[in-house]
Amino acid sequence: MQSIILGAVQGLTEFLPVSSSGHLALFQHFFSFSTPPIFFDTIAHLGTLLAVVFYLKKEIIHIFKTLKEKQTIKLVLLIIIASLPAVIAGLLLKDKMEGIFSSLYLVGVSFIITSVILFCTKFFKSDKKDISRLNWFDALFIGVFQAFAILPGISRSGSTISASIFRSLKREDAFKFSFLMSIPVIFGAFLLQFTEQNFNLFNGGMLTNLTGFLFSAVFGFLSLKIIERVLIKGKLHYFAAYCFVLGVLILIFM
């Protein structure tokens, strides 16, 4: 039952701008989830990876079909640039992640930071650039925001979409670029954890991990539909209140 709940939570919160890792850390703390939290988080992220690949299948197929075209090559390079800060942060902090996940104080503060980032999008117009006009500085700027999302409580989607809006990217293109750049990072995180000596598919039970994977994939697809509609309507800042209240409650009652 816990794997079902956590898989659903992972799927819903991975793409909604409310931090999946922060919610998983909270569930781990309050429900004493028996599976190692970092590995389950990685397996659940693999489920959401499947969801985003399926959701953006047209864009991904187009990239492969036009891989020799200049504009596509530029997009791929920008995705790589945007992914580098998160890769570096992940490698530097990989030995400290268990401790980071167990710090409710950090989770609470991170949720409040996410709320501030989301609220700031209310004051930016994002109708100047389409994805073809992104440059290397835009990609690096967005990538740095993604790197901070390695901390539980900092929303990856909220941070990267907000950063895209801060760089004047159109909202529909902010959605596409944010989730396209999530693919190599999520896949890389999975490979890194999967190759660790102490982790394998049977850690915590194969059925538990498979259930979490499936539920995170299904609910991840649903949350993508929700966040796309919210973003297009310019209501991303609505999630700021939820993150702020949750962060304050964590700090009060931890």
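Every read-out reported here was derived from the displayed coordinates using simple, explicitly stated rules and does not represent laboratory data. Treat the numbers as computed from the prediction; the structure is a model and nothing was measured. Note that each Cβ is placed from the backbone with ideal geometry, even for glycine, and that neighbours are counted across all protein chains shown.
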*Obtain the nm distance between the two label points defined at GLU59 and TRP136 by a simple spin-label model: each point lies 7 Å from its Cα along the Cα-to-C-beta direction.*
2.3 nm
*Please report THR42, THR114, THR72 as a ranked list, fewest other C-beta atoms within 10 angstrom at the top and most at the bottom.*
THR72, THR42, THR114
*Show which lysines lie in cross-link reach of LYS70 when reach means a straight Cα distance below 23 angstrom and same-chain residues fewer than eight apart are skipped.*
LYS57, LYS58, LYS128, LYS129, LYS170, LYS176
*Under a 10 Å cutoff between Cα atoms, tell me which one of ILE186, ILE88, ILE113 has the largest fluctuation in the Gaussian network model of the chain.*
ILE88
*So what is the diffusion coefficient of the range 2-253 in µm² per second by Stokes-Einstein at 10 °C and 1.306 mPa s, using a Kirkwood Rh over Cα pairs?*
88 µm²/s
_Which one, ALA240, ILE73, ALA217, projects farthest toward the positive side of the charge dipole computed for the chain from Cβ point charges (K/R +1, D/E -1)?_
ILE73
*asked:* If I model a spin label as a point 7 Å beyond the Cα along the Cα-Cβ vector, how far apart are those points for LEU251 and LYS94 in nm?
replied: 3.3 nm
*asked:* Can you work out the Karplus-derived ³J(HN,Hα) for every residue in the range 165-171? Use 6.51 cos²θ - 1.76 cosθ + 1.60 with θ = phi - 60°, whole Hz, and x for glycine or proline.
replied: 5, 4, 8, 6, 6, 4, 4
*Extending each Cα 7 Å along its Cβ direction at PHE190 and ILE73, get the distance between those two points in nm, one decimal.*
3.0 nm
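Would you mind ranking ASP130, ASP138 by Cβ crowding within 10 Å, fewest neighbours first? Intermediate values should be presented prior to the final figure.
Values: ASP130 12, ASP138 22.
With the fewest neighbours first, ASP130, ASP138 line up as ASP130, ASP138.
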